[in-house]
1. Which whole-number percent of Cα pairs in the range 153-276 have a distance greater than 25 Å?
2. Of Gly103, Phe29, Ser2, which is farthest on the positive side of the dipole of the range 1-138, counting Cα position, with +1 on Lys and Arg Cβ, -1 on Asp and Glu Cβ, and the Cα centre as origin?
3. Subtract the Cα-Cα distance of Lys4 and Arg223 from 0.36 nm times their separation in residues, and report this length gain in nm to one decimal.
4. Give, in nm to one decimal, the length gained when the segment between Ala119 and Tyr313 is fully stretched (0.36 nm per residue of separation minus the Cα-Cα distance).
5. Exceeding 31 Å between C-alpha atoms, which entries from my cross-link table qualify? They are Lys196/Lys314; Lys31/Lys195; Lys59/Lys275; Lys182/Lys318; Lys31/Lys220.
6. Which whole-number value in Å³ per residue fits the convex hull of the alpha carbons of the chain?
7. Would you mind pulling out the separation of the Cα centroids of the range 221-261 and the range 285-334, in Å?
8. Return the percentage of antiparallel bridges among DSSP beta bridges fully within the chain, rounded to the nearest 5 %.
Amino acid sequence: MSDKKTLFSAVQPSGIPTIGNYVGAINNFVKLQDEYNCIYSIADLHCLTVRQDPASLRKATQELLALYIACGVDPEKCIMFVQSHVPQHAELTWILNTMTYPGELNRMTQFKDKSRSHADNVNMGLMDYPVLMASDILLYNTAVVPVGADQKQHIELTRDLAIRFNGRYSDTFVVPEPIFPKHGAKIMSLADPTKKMSKSDENVNAFVSMYDDTDTVIRKFKRAVTDSDTKIYFDPENKPGISNLLTIYSVFSGVSVEDAVKEFEGKGYGDFKIKVGEAVAEGLKPISEKRNSLLKDKAYLDSIMLKGAESAYKIARKTLSKVYRKVGLYSPER
Ligand code: ATP
Ligand code: LTN
């Protein structure tokens, strides 16, 4: 290992990733891969906190790995692995559970939101979700965690748990910092720009998925909810719809938000929405092509997964033994 700092992040293979996941997370995974020792996980255990169809979950797990690679995450530079392939994630969760208080978990915004949207299945895993996420991060001596703005509270809990453990048992965990993208830390829904774009939205026009084809992408942007004004400028508070489209356009076209505002000065909303749709469709096309070709080579994807799990396991095992020793679990001599 080099003297670079370690970066860890993950995405859940729950359904089809959206351009929100891409802008908020995966695009940053690619940008940061030279600067850090990067470890990217596919958080399948987290998915189980809401009801999943087993066959779809298995398929989505492979597809997410293909998507990471298609977006530009380099398997030669980064460790990519599936969370459930490294048992230490669940094991460290148990230890951290014994130091986490229910009050810390039931005030989490995501828990409250998901308890509302999955009212028939408010299970212990849903509440414990942030502790599993803390374990993911802390197992790898992680210095930085690139995520979207919605994960801020979870990273704060991770830091609190690391500091609490270190305080009780002496220095063990690195206390990680979040990294949010400069623009697009929270991509909003196309149907209601005051809400986060979410892959689990019931309204398929609310999100653009990473697998949508060109016509679908353009149609969804044409329908995007904006406002009754006619001017195009960046003001997330008063013009959330237009500002969201400007952010998306900026990320996909590589033009700054300021330059995009100049480019669309005097133009109507209709033209603007089509241009945003075209920029996104153009950005997604090569990713889709690469992903489709990778999905044809299952043996290759499996080999990356196995290699990733082996590398992750070596690091996770060391951290967990240290933790077990520090808390007083007895280990017999061999
Ligand atoms: P769901 O919408 O089903 O609750 P999710 O997409 O929020 O799931 P993940 O798949 O685990 O959950 O998210 C992976 C990463 O994508 C996280 O870093 C998250 O912050 C980021 N992300 C998700 N949605 C957005 C968004 N609308 N804008 C920016 N980043 C996002
Ligand atoms: N909870 C995250 C996904 C996730 C994650 C992580 C992100 C699981 N484990 C560790 C960063 C670090 C989400 O975005 N919903």
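1. Tail fraction, whole percent: 37.
2. Of the candidates, Gly103 comes out farthest on the positive side.
3. 74.4 nm
4. This chain segment gains 66.3 nm when fully extended.
5. From the list (Lys196/Lys314; Lys31/Lys195; Lys59/Lys275; Lys182/Lys318; Lys31/Lys220), the Cα-Cα distance tops 31 Å for Lys196/Lys314; Lys59/Lys275; Lys182/Lys318.
6. 149
7. Result: 39 Å between the Cα centres.
8. Roughly 10 percent of the DSSP beta bridges within the chain come out antiparallel.
Every read-out reported here was derived from the displayed coordinates using simple, explicitly stated rules and does not represent laboratory data. These numbers come from a predicted model, not from an experiment. Neighbour counts are summed over all protein chains in view; Cβ atoms, including those assigned to glycine, are modelled from backbone coordinates with ideal geometry.
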